[in-house]
Amino acid sequence: MGASSGLGYAIAEQLVKEGARVAICSRSEERIREAAKRMGASLGVAADTTKPGATKALVEKVVGELGGVDVLVVNTGGPPKGSIEKISAEQWQEGFQSLWMSVVEGLQATLPGMKERHWGRIILVTSVAAREAMPQLTISNGLRAGLMGLVKTVSNEVAEHGVTINGVQPGYHATERLKELGVPEDKITSAIPARRLGKPEELGALVTFLASEQAGYITGQSIAIDGGWMRGF
């Protein structure tokens, strides 16, 4: 997972606190090594999952170092903003590799081992944009919504093997990504029934539960964590 900062870091840190042997990744070798040391992760790997084959290679390295993958958390950064008329073909291709193919590679690389051991947990960290389109997030809205169909499909294929797969959709949380979107915090919080931003550790707690033994009967679900921001249900 991408975990040198923000939501990914909060998730990995919570898993470490629960006693898991955690491997984390990000594009920057310096940042991921520092993050791994700070949180006590077992392994920090520099990997650019926007490149074809990078996620597969990452999983193979983790298996070689730690012996297997029981829990896979996929967390990728958001693509650039833009309307349909302004997004280039190259940006669509890059977004597809980053948001979609990295997930496919991760699933194909980890599922055989999980099925063999008859136990596994897969959690995709996407966005509320997967269920409620957000202005200017055209790439994210389109691709993340499709991932929820993938979650449901795969869940039906692997449930009998003791493997679960779920998607979580964070709303507005107190991270650097919020600053990148350029929306004033007071304007955001006024639209959230909870009247505050989410804390990264709250998402970490949800993902950690879904990765646990106790969540074995929860699969194929799309779970929002947004303080009530979404209007649908």
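The values are calculated or read from the model by the stated rules, or taken from the named source; none is laboratory data. Just so we're clear, the structure is a prediction, and the values are computed from it rather than from any experiment. With ideal geometry, Cβ positions are generated from the backbone for all residues, glycine too; neighbour counts draw on all protein chains shown. Just the protein is used for accessible areas: all its heavy atoms, side chains included, with ligands, DNA and RNA removed. Shrake-Rupley method; radii C 1.70, N 1.55, O 1.52, S 1.80 Å.
Tally the residues that are farther than 23 Å from residue 77 by Cα and outside any loop (DSSP other than H, G, I, E, B), restricting the search to the stretch 188-210. Give the derivation first.
At the first step, the residues of the stretch 188-210 found to be farther than 23 Å from residue 77 by Cα are 190-191, 193-195.
Pick out the ones that are also outside any loop (DSSP other than H, G, I, E, B) and you get 190.
The number of residues fulfilling the criteria is 1.
Take the residues of the stretch 105-130 that are β-branched (Val, Ile, Thr) and in contact with a helix residue (DSSP H, G or I) (Cβ under 8 Å, 6 or more places away or on another chain): which is surrounded by the fewest Cβ atoms within 10 Å (Cβ to Cβ)?
Filtering the stretch 105-130 for residues β-branched (Val, Ile, Thr) gives 110, 122-123, 125-126, 128.
Subsequent filtering for residues that are in contact with a helix residue (DSSP H, G or I) (Cβ under 8 Å, 6 or more places away or on another chain) retains 110, 122-123, 125-126.
Details: 110: 24, 122: 27, 123: 25, 125: 21, 126: 26.
This residue is 125.
Which of the residues belonging to the stretch 48-58 are aliphatic (A, V, I, L, M) and crowded, with 22+ Cβ neighbours inside 10 Å?
58, the sole residue that qualifies.
Considering only the stretch 34-58, state which residues are touching a residue at least 12 places away in the same chain (Cβ under 8 Å) and either within 21 Å of residue 115 (Cβ to Cβ) or of a type in the set (Lys, Arg) (or both).
51, 55, 56, 58
Under 6 Å between Cβ atoms, which residue pairs at least 6 apart in sequence (or on different chains) link something in the stretch 132-158 that is more than 14 Å from residue 79 (Cβ to Cβ) with a partner that is among the aromatic types (Phe, Trp, Tyr)?
none
Among 90, 94, 105, which is farther than 17 Å from residue 49 by Cβ and among the acidic types (Asp, Glu)?
On the way: 94 fails: farther than 17 Å from residue 49 by Cβ; 105 fails: farther than 17 Å from residue 49 by Cβ.
Testing whether each residue is farther than 17 Å from residue 49 by Cβ and among the acidic types (Asp, Glu) leaves just 90.
Give me the residue from the stretch 196-216 that is over 24 Å from residue 145 (Cβ atoms) and of a type in the set (Asp, Glu) and, out of that set, surrounded by the most Cβ atoms within 10 Å (Cβ to Cβ).
Of everything passing the filter in the stretch 196-216, 201 is surrounded by the most Cβ atoms within 10 Å (Cβ to Cβ).
Filter the stretch 59-104 down to the residues that are open to solvent by less than 60 Å² (accessible area, probe 1.4 Å), without any contact (Cβ under 8 Å) to a residue 40 or more places away in the chain and under 22 Å from residue 14 (Cα atoms) and list them by number.
The answer is 62, and nothing else.
Mind checking whether some residue in the stretch 154-162 is surrounded by 18 or more Cβ atoms within 10 Å (Cβ to Cβ), in contact with a helix residue (DSSP H, G or I) (Cβ under 9 Å, 6 or more places away or on another chain) and of a type in the set (A, V, I, L, M, F, W, C)?
Restricting attention to the stretch 154-162, the residues satisfying the condition of being surrounded by 18 or more Cβ atoms within 10 Å (Cβ to Cβ) are 154-155, 158.
Pick out the ones that are also in contact with a helix residue (DSSP H, G or I) (Cβ under 9 Å, 6 or more places away or on another chain) and you get 154, 158.
Next cut, of a type in the set (A, V, I, L, M, F, W, C) only: 154, 158.
Yes, the stretch 154-162 has at least one match.
Report, by residue number, each residue of the stretch 1-39 that is open to solvent by 50 Å² or more (accessible area, probe 1.4 Å) and either at pLDDT 95 or above or in a helix (DSSP H, G or I) (or both).
The initial filter retains those residues of the stretch 1-39 that are open to solvent by 50 Å² or more (accessible area, probe 1.4 Å), namely 5, 13, 17-19, 21, 27, 29-31, 33-34, 37-38.
Correct list: 13, 17, 18, 19, 21, 29, 30, 31, 33, 34, 37, 38.
Quick grid of which residues meet (1) open to solvent by less than 20 Å² (accessible area, probe 1.4 Å); (2) modelled with pLDDT under 95; (3) of a type in the set (S, T, N, Q):
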| site | (1), (2), (3) |
| --- | --- |
| 141 | no, yes, yes |
| 164 | yes, no, yes |
| 179 | no, yes, no |
| 194 | no, no, no |
| 223 | no, no, no |
| 227 | no, no, no |
